[in-house]
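Reading through the structure tokens given below for one structure.
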Amino acid sequence: MKIIILGSGTCIPSKKRGSPGYYLEIGGQKMLIDPGSGTLHRLGVIDVKIEEISTIFFSHSHVDHTADLIPILFAKKNLHEFSRQDDIYLYGFKGFKNYFKKLCSIYEPWIISQDYNIFVNEFNTEAISFKNWSLSIKKVEHSQESVGFRFIENSKIFTFSGDSDYCKNLVELSRDADLAILECSFPESMGCQNHLTPVKAGKIASEAGVKKLVLTHLYPICDSFNIIEECKKVFPGKVEVAEDFKSYHL
Ligand SMILES: [Zn+2]
Ligand SMILES: [Zn+2]
């Protein structure tokens with residue numbers, strides 16, 4: 001399994017951090033998680049072609065996690081004359097089918113092709129098994145539809161929080177994870193409801209026995225604080241701040 005952080009920031013512009021976007025290679029396939037604004041063009045930077053992306057997962061509907069869905073499908077459709085196109089699978093939060101239908105009512109001529117299918121799926125179970133890997137999904141504490149993810153391949157576990165406050169489900173999703181990429185929107189002194197802070201993320205990692213914790217979804221103010229030190233007060237394991245284009249191999 002391979003993960004590349006395409007954007008470790010939020011909706012707010014930052015010199016060093018793009019909007020959320022995560023590249024995932026699992027089961028021999030290339031995928032995206034939460035393609036926020038800029039994700040499409042960052043694929044160019046990491047040398048992944050748009051036509052190679054087989055699947056996209058969406059944790060919730062907020063714009064910083066979904067904004068590049070239409071640009072991705074538009075790019076895919078415009079490629080059709082130049083290369084063979086495979087079907088693409090979209091998996092999203094509860095209400096995703098209706099969300100996609102509404103987008104289609106505006107963009108359909110520009111994103112729907114006769115040459116390949118777009119399969120739109122909503123998470124309606126807590127686990128999906130694929131050929132050589134699996135995905136667990138649980139509701140997390142953010143917006144009404146928000147979920148977090150736990151990917152497993154060859155006994156290696158990768159957890160992604162999406163956006164969330166501290167919750168038991170996130171501890172469950174992170175249980176014994178080799179890598180947990182958890183959101184950490186604000187430094188401890190500026191913490192708010194529905195988002196994690198270094199201590200809240202550290203508490204989840206500590207309770208779950210996470211092997212490596214990466215803090216992401218960082219508002220620009222986070223870079224003025226030592227959030228690693230704040231996190232280490234409650235989590236003795238390995239922790240680092242996410243960096244755009246950093247990759248992890250499990
Ligand atoms: Zn959000
Ligand atoms: Zn967000």
Checklist line | Hits in the range 209-240 - residues which are closer than 19 Å to Ser174 by Cβ and in contact (Cβ under 8 Å) with a residue 40 or more places away in the chain | finding: Val210, Val214, Thr216, His217, Leu218, Ile227, Glu230, Cys231
Note to self: Restricting to the range 1-16, give me the number of residues that are open to solvent by 10 Å² or more (accessible area, probe 1.4 Å), more than 11 Å from ligand 2 (Cβ to nearest atom) and over 12 Å from Thr39 (Cα atoms).
What the structure shows: 6
Notebook entry, point to check: If you take just the strands (runs of 3 or more DSSP E) that sit entirely in the range 94-203, which of them hold at least 2 residues that are within 16 Å of ligand 2 (Cβ to nearest atom) and without any contact (Cβ under 8 Å) to a residue 40 or more places away in the chain?
Noted result: 179-183
Item checked: Selected residue (only one of Glu240, Glu207, Glu183, Glu172 is closer than 25 Å to Ser155 by Cα and surrounded by 24 or more Cβ atoms within 10 Å (Cβ to Cβ)) -> Glu183
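May I ask you to verify whether Lys131 is surrounded by 13 or more Cβ atoms within 10 Å (Cβ to Cβ) and closer than 30 Å to Ser174 by Cβ?
Judged against the criteria, Lys131 is not a match.
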Next item on the list: Taking only the range 144-160 into account, find how many residues are within 16 Å of ligand 1 (Cβ to nearest atom) and open to solvent by 20 Å² or more (accessible area, probe 1.4 Å).
Entry: 2
Item checked: Tally of residues being touching a Lys or Arg at 6+ places or on another chain (Cβ under 6 Å) and among the polar types (S, T, N, Q) across the range 98-128 -> 1
Checklist line | Filter result for Phe225 (of a type in the set (Phe, Trp, Tyr) and open to solvent by less than 20 Å² (accessible area, probe 1.4 Å)) | finding: no
Next item on the list: Check the range 52-60 and report whether any residue there is of a type in the set (Val, Ile, Thr), more than 15 Å from ligand 1 (Cβ to nearest atom), crowded, with 22+ Cβ neighbours inside 10 Å and touching a residue at least 60 places away in the same chain (Cβ under 8 Å).
Entry: no
Checklist line | Selected residue (only one of Lys139, Lys212, Lys101 is of a type in the set (D, E, K, R), within 16 Å of ligand 1 (Cβ to nearest atom) and in contact with a strand residue (DSSP E or B) (Cβ under 9 Å, 6 or more places away or on another chain)) | finding: Lys139
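The values are calculated or read from the model by the stated rules, or taken from the named source; none is laboratory data. Source: prediction; values computed, not measured. Cβ coordinates were reconstructed from backbone atoms using ideal geometry, including for glycine residues, and neighbour counts include every protein chain displayed. We work out accessible area using only protein heavy atoms, side chains counted, and drop any ligands, DNA or RNA first. Shrake-Rupley method; radii C 1.70, N 1.55, O 1.52, S 1.80 Å.
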